[in-house]
Amino acid sequence: MDPIKIKIVDLFKRFNDHDSYITQGLSLDIPTGKLTCIIGKSGEGKSLLLKQIIGLIEPTSGQILVDGKDTVGLQGQAKIENFKKFGYVFQFAALLDSLTVFENVGIVDLENGMNPKDVRQKVTEKLSLVDLDHTILDKYPSELSGGMKKRVGFARTLMSNPEIILYDEPTTGLDPITIKVVHELISSMQKKLHITSVVISHDVDIFNYADKVALLYEGQIKSQVDAKNIWESNDPYIYQFIRGLIQGPIAVEQPLVRKR
């Protein structure tokens, strides 16, 4: 098995000829079967990066290699087959209020004409992977807590048996206890199912579960460190970000003064 699942090489993105580039020569290796966390200030283009990885937005130039194959510019069936490798968890659960949990999780299979009884069994299996059971199948999103909605969203993502899951700030709006529960769930699914996971997060608690942390700044990945070493990192970008010191341009030329 290739140790690198996704390799991003010199990626650039702008939306028209008059705008400056948002992604500016970004390169990143995402290891197979590991949890990679991407951090950075708001507005740095983290969500845009995820959409380029999955193929929802085409980069202006550069390469995105998935399993060694460049996916930039894929069309037709080749693009569909690449999509099938991915699951995408939105910032908010993105559940349809008018549908039950069963209908939300099984929506694609139901629309494709799969026997509802078989879909129900499959949905129940996926719910069990996120520590939910059949008793919520007929409930509506309004009857669920914020944490339960997140889990239902995760279960829906698992329905396609993805090799890669992209999480776009999955803990937004949650309390600290629920944040920890969600991170534990992401980590558990990644290890249990051997899924390659990419998480955008502002919550430093994710460092306890990630394998690798990459910092996005000014359209580039400025730093990549092992998560287990992040609190001892001397990298100026990492050091300043995790201590909330990035209020403007990062003054990397200045010596670091660690506060005790």
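General remarks:
- Given (1) crowded, with 18+ Cβ neighbours inside 10 Å; (2) in a loop (DSSP other than H, G, I, E, B); (3) of a type in the set (A, V, I, L, M, F, W, C), index of the condition residue 49 fails: (2)
- Where a residue in region 152-163 is more than 18 Å from residue 132 (Cα to Cα) and its partner, wherever it lies, is open to solvent by 10 Å² or more (accessible area, probe 1.4 Å) and hydrophobic (A, V, I, L, M, F, W, C), with Cβ under 6 Å and at least six apart: 162/86
- When residue 236 is tested against (1) in contact with a Pro (Cβ under 8 Å, 6 or more places away or on another chain); (2) at pLDDT 85 or above; (3) within 25 Å of residue 12 (Cβ to Cβ), only condition (1) is not met.
- Of the residues making up region 164-178, one or more are open to solvent by 10 Å² or more (accessible area, probe 1.4 Å) and under 25 Å from residue 31 (Cβ atoms).
- Elements of type helices (runs of 4 or more DSSP H) contained in region 65-140, each with 3 or more residues being open to solvent by 80 Å² or more (accessible area, probe 1.4 Å), at pLDDT 95 or above and closer than 29 Å to residue 29 by Cβ: none
- Residues in region 3-46 that are open to solvent by 60 Å² or more (accessible area, probe 1.4 Å), closer than 25 Å to residue 239 by Cα and not charged (D, E, K, R): 22, 24, 42, 43.
- Lone qualifier among 172, 178, 157 - being among the polar types (S, T, N, Q), more than 30 Å from residue 2 (Cα to Cα) and part of a helix (DSSP H, G or I): 178
- Positions within region 191-206 being open to solvent by 10 Å² or more (accessible area, probe 1.4 Å) and either over 16 Å from residue 228 (Cα atoms) or at pLDDT 90 or above (or both), in sequence order: 191, 192, 193, 194, 202
- Counted residues, region 207-221 - those being of a type outside the set (Val, Ile, Thr), more than 10 Å from residue 23 (Cα to Cα) and open to solvent by less than 30 Å² (accessible area, probe 1.4 Å): 4
- A search for C-beta distances below 8 Å between a residue of region 38-58 that is without any contact (Cβ under 8 Å) to a residue 24 or more places away in the chain and any residue that is buried (at least 22 other Cβ atoms within 10 Å of the Cβ), counting only pairs 6+ apart in sequence or on different chains, returns 58/52.
- For region 207-225, the condition holds for at least one residue, the condition being that it is within 15 Å of the chain's Cα centre (by Cα) and in a helix (DSSP H, G or I).
The values are calculated or read from the model by the stated rules, or taken from the named source; none is laboratory data. Just so we're clear, the structure is a prediction, and the values are computed from it rather than from any experiment. Neighbour counts are summed over all protein chains in view; Cβ atoms, including those assigned to glycine, are modelled from backbone coordinates with ideal geometry. Only protein heavy atoms, including side chains, enter the accessible area calculation; ligands, DNA and RNA are left aside. Shrake-Rupley method; radii C 1.70, N 1.55, O 1.52, S 1.80 Å.
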